[in-house]
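Only the coordinates and a few stated rules stand behind these numbers; no lab work does. Bear in mind the structure is a predicted one, so any value in this text is a computation, not a measurement.
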Amino acid sequence: MRQDPTTPGADDPSLLCPSAQPEMDGSAVFAVIGGSAQEPRAGYLDQLVPLSAEIAQLAAPLEPTEVFRFAAPCARSGCQHFTEAGCSLAKRTVERLPPATAKLPPCRIRARCRWYREQGREACYRCPLVVTTDYAPSDAGRHAAAPPRQEDIDR
């Protein structure tokens, strides 16, 4: 069930971005990337792990974004993917990526996830496909990850 971002709750400052960067304030690991370089998949942790230097170092010699998925408080207008309509990355992910699963992944951030709040279960079915650093993205993945163009925002 999709919620309109203008309804009460979409402005909730406690909403988390499930595609956050590790340098964002309040960043925490909620998934580990598995699979292969050609088909990476996020596997969800049983609990959020606040990012620390020690946790980031566990990814070495790789970058943390190659190994982990991060959640952090949604930056809203400070994010290139945020428009008046909400998170355009979540919208494009639902529109352009195929479902990765037919059942909801066991996600610990769902109750506070902006993507779930705006796009519902459809975002969750695709979330395992979202990888921050993907060296071999599909065309659909590359288009979904691209920031919105002005003509898309004006629609």
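Skipping prolines and chain starts, which residues have an amide H placed within reach, meaning under 5 Å, of the one on residue 16, given they are 5 or more residues away or on another chain?
74, 113, 114
How big is the C-alpha Rg of the stretch 16-154 next to the rule-of-thumb value 2.2 N^0.38 Å, as a ratio?
Working: Rg = 14.2 Å, N = 139, 2.2 N^0.38 = 14.3 Å.
Here the Cα radius of gyration is 0.99 times the empirical estimate.
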